[in-house]
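Structure first, then comments.
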Amino acid sequence: MQIFNPATEGIINELKEEGEQSVKKKFHELKQAQPDWHKVALVDRVTILKKFSELLKKNAESLSLVLTSEVGKPLQQSRNEINGACARIQWLTDNASTYLSDEVMVQEKNLTEKISYEPLGVVCNISAWNYPYLVGVNVFVPALLAGNAVIYKPSEYSTLTGLEIEKLLKEAGVPANVFHVAIGGKGVGEMLLNTSFDGYFFTGSYKTGKYIYEKIAPKMVPCQLELGGKDPLYVADDIADIKSVAAATADGAFYNNGQSCCAVERIYVHEKVYDKYVEEFVKEVKSWKSGDPTEAGIYFGPLTRKDQLNVLKNQVDEAVQKGAKILTGGKRVSSKGFYFEPTVLVNVNHSMKVMCEESFGPIIGIMKVKNDKEAIELMKDTEYGLTASVYSSNQNRAEKILQEINTGTGYWNCCDRVSAALPWSGRKHSGIGATLSHAGLRAFTKPKSYHLRG
Ligand code: NAD
């Protein structure tokens, strides 16, 4: 398997993909090792995962370089990702004992009723490349804390990072056969689906997620999916500072080149503030530098996947053909690397792919609306349900709008953010189940009820 640098299009590494035999061997080793890992006291598992976080911090600079070399995100954004992963590990390790220890529900004279949170066993994590540390940590950290063994299949676009993660987990004290990496793409993913894991945790596209969900169903084991989105954002007419709202929301749309599951993917603006907002938004986007992601001050690196250049071009061309206007950008950059110009489109509507299908790149459509009612109708008009965001000076007004929209997360005066203390969950085509928070710790357990007399 060849690993490319998306900024230079050069090959930076070649690795051997797993075969049927190595997948079987790894599964067998995990199965053997898991019961002993569960016997390790929770407090000791917590110490090991805290050590893993320290190692991430200690090696942050070299890990950031590896990440940037294979996914193309600007070096500062790689550093931010590793910092963010450490913050999540901190919350998960600090709260593991509260949510994973036995819970006494009834205590009477001769009767105790309690819940014990047993690990699922050996779990399979098939992951995405856009934030390999963050989406990885969401799964393998709570899974290990809960006493599971884990096979982790990084995306074929972030394999080197997957191998770094394995190295540091082992260095932190996770036993050799409690965590394995499976190297490879779709074919290796299929091998994992054909193996008898005790739970499947997937991060990726709706298309692959739906396929996995159907394939896993007969196994009757937990299957959680964290999928894509087409996240809407509404700017109401009562915002105090249009310039700062335009800057913050542009960042929500374009950070990581728009390759975030919760990136802002479509914007609706009240007609009273529309012109000024669009002017400030475009100014902000034009102020960001694009180029070599290892250089300081770069905001836009290349896209990670070459194929996405065509998806974006297709969305822009179709929108323009149907009457959209390009205010900036609109095409691939002609130099080496998978660069696409940051693109802002107006005069858009919901007949266009750019307002309905996940773009997962640096393009955004901005649409003028007459009032909150129209904004709500348009925000609801989607197959996805990950996040929605409202900018307004009035919390009540914002919360009322967010209550109408079927998403796992609602944002008031912020967007494109995740908290380890809150469930991260998609609805409809954005997924099933939750990671992070107490829900995300217990997702890797099966409750056993004890009725104890005497
Ligand atoms: P993808 O679906 O192409 O691939 C995801 C993983 O599935 C990869 O590891 C891939 O090798 C594997 N895979 C592909 N086909 C498979 C098959 N038939 N059987 C088993 N495994 C298979 O997605 P991607 O391009 O890596 O990630 C981008 C998508 O992920 C976007 O839609 C994004 O919104 C979503 N995402 C969601 C979240 C979230 O938390 N909701 C987080 C990050 C990314």
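Rule-based calculations on the coordinates, nothing more; no lab input. Just so it is clear, the structure is predicted and the values come from calculations on it, not from any experiment. Please note: Cβ atoms are built from the backbone with ideal geometry, for glycine as well, and neighbour counts cover all protein chains shown.
Using the count of nearby Cβ atoms within 10 Å as a rough guide to exposure, how do HIS438, HIS429 rank from fewest to most?
Going from sparsest to densest Cβ surroundings: HIS438, HIS429.
What percent do you get for the relative contact order of the chain when only Cα pairs under 8 Å and 6+ apart count?
Working: 977 pairs, mean separation 88.3, N = 454.
Over the chain, the number comes to 19 percent.
Could you rank the peptides 106-115, 50-59 by their average count of other C-beta atoms within 10 Å per residue, with the highest value first? Mind dumping the intermediate values first?
Details: 106-115: 11.0, 50-59: 17.2.
The peptides rank, most packed first, as 50-59, 106-115.
Starting from the eigenvalues of the Cα gyration tensor, five times each then square-rooted, give me the equivalent ellipsoid semi-axes of region 79-188, largest first, whole Å. If you can, show how the numbers build up before the last one.
Numbers: eigenvalues 202, 49, 27 Å².
Taking √(5λ) for each Cα gyration eigenvalue gives 32, 16, 12 Å.
For helix 132-145, report the angle its Cα long axis makes with the longest principal axis of the Cα atoms of the chain; keep it between 0 and 90° and round to the nearest 10°.
Tilt relative to the chain: about 20 degrees.
Return one number: the angle in degrees, 0 to 90 and rounded to the nearest 10, between the long axis of the Cα atoms of helix 307-321 and the longest principal axis of the Cα atoms of the chain.
That works out to roughly 30 degrees.
Taking the Cβ-Cβ separation of ASN413 and LYS373 as r and a Förster radius of 30 Å, what is the calculated FRET efficiency to the nearest 0.05? Present the calculation step by step, with values, prior to reporting the outcome.
Working: r = 21 Å, r/R0 = 0.69.
The calculated FRET efficiency here is 0.90.
For region 231-419, build the charge dipole from Cβ charges (+1 Lys, Arg; -1 Asp, Glu) around the Cα centre, then report which of VAL273, ALA296, ILE401 sits farthest towards its positive end.
Of the options given, the answer is ALA296.
So if each residue of separation counts as 0.36 nm, and I subtract the Cα-Cα distance between THR47 and ASN310, what length gain in nm does that give?
Residue separation times 0.36 nm, minus the Cα-Cα distance, leaves 90.1 nm.
Tell me the label-point distance for the pair LYS24, GLU295, using the 7 Å Cα-to-Cβ offset, in nm and rounded to one decimal.
My value for the distance between the label points is 5.2 nm.
From Cα pairs below 8 angstrom and at least 6 apart in sequence, can you work out the relative contact order of region 231-419, rounded to a whole percent?
Numbers: 362 pairs, mean separation 52.6, N = 189.
The value is 28 percent.
Over all directions, average the projected area of the Cα convex hull of region 231-419 and note it in nm².
Working: hull surface 41.2 nm².
Over all viewing directions, region 231-419 projects a mean Cα-hull area of 10.3 nm².
Would you calculate a helix-derived [θ] at 222 nm for the chain, using -39,500 (n - 2.57) for each DSSP H run of n ≥ 4 and dividing by the full residue count, to the nearest 500?
Details: 14 runs with 189 residues, N = 454.
My calculation for the chain gives -13500 deg cm²/dmol from helical runs alone.
Determine the sum of side-chain charges near MET352: Lys and Arg each +1, Asp and Glu each -1, restricted to other residues whose C-beta is under 11 angstrom from that of MET352. Before the final figure, lay out the partial values.
Numbers: positive: ARG266, LYS322, LYS353; negative: ASP317, GLU318, GLU357.
Value of the local net charge: 0.
Counting Lys and Arg as +1 and Asp and Glu as -1, what is the net charge of the other residues whose Cβ lies under 14 Å from the Cβ of TYR200?
Around TYR200, the charge tally is 0.
What Kirkwood hydrodynamic radius, in Å, does the chain give when the mean of 1/r is taken over all pairs of distinct Cα atoms and then inverted?
For the chain, the Kirkwood estimate is 23.0 Å.
Counting other beta carbons within 10 Å of each residue's own, what order do VAL123, VAL71 fall into, fewest first? Working shown, then result.
Numbers: VAL123 28, VAL71 31.
By the 10 Å Cβ count, ascending: VAL123, VAL71.
Check the straight Cα-Cα distances from LYS58 and name the lysines below 18 Å, setting aside those fewer than 8 residues away within the same chain.
LYS50, LYS167, LYS170
Could you state the number of Å between the C-alpha centres of region 417-454 and region 186-210?
Taking the Cα centre of region 417-454 as reference, the centre of region 186-210 is 20 Å away.
Put +1 on the Cβ of every Lys and Arg and -1 on every Asp and Glu Cβ in region 250-402; which of ASN349, VAL390, PHE254 then has its Cα farthest towards the positive end of the dipole?
ASN349
Determine which aspartates and glutamates satisfy two conditions relative to LYS114: a Cα distance under 12 Å, and not lying fewer than 8 residues away in the same chain.
Within the straight-line limit of under 12 Å, LYS114 reaches these aspartates and glutamates: ASP102, GLU103.
Give the cross-link partners of LYS322 among the lysines, using a straight C-alpha distance below 21 Å as the criterion and excluding same-chain residues fewer than 8 apart.
LYS230, LYS313, LYS331, LYS353, LYS368
Which distance in nm do the two modelled labels at TYR211 and ASP36 give, with both placed 7 Å along the Cα-to-Cβ direction?
3.7 nm
Order by neighbour count: TYR384, TYR206, fewest other Cβ atoms within 10 Å first, most last.
Placing the least packed residue first, the sequence is TYR206, TYR384.
Would you mind getting me the FRET efficiency between ASP381 and ALA87? Use the beta-carbon distance for r and R0 = 41 Å, nearest 0.05.
Approximately 0.75, to the nearest 0.05.
I'd like the distance separating the alpha-carbon centroids of region 1-65 and region 79-138, in whole Å.
With region 1-65 and region 79-138 each reduced to a Cα centre, they are spaced 18 Å.
What percentage of all Cα-Cα pairs in region 1-48 are separated by more than 18 Å?
Cα-Cα pairs in region 1-48 separated by more than 18 Å: 61 percent.
What number in nm² do you get for region 381-430 if you take the convex hull of its Cα atoms and divide its surface by four?
For the Cα atoms of region 381-430, the hull's average projected area reads 3.6 nm².
Considering the alpha-carbon set of region 154-209 alone, what are its Rg and its Dmax in angstrom?
Cα only, region 154-209: 12.5, 36 Å (Rg, Dmax).
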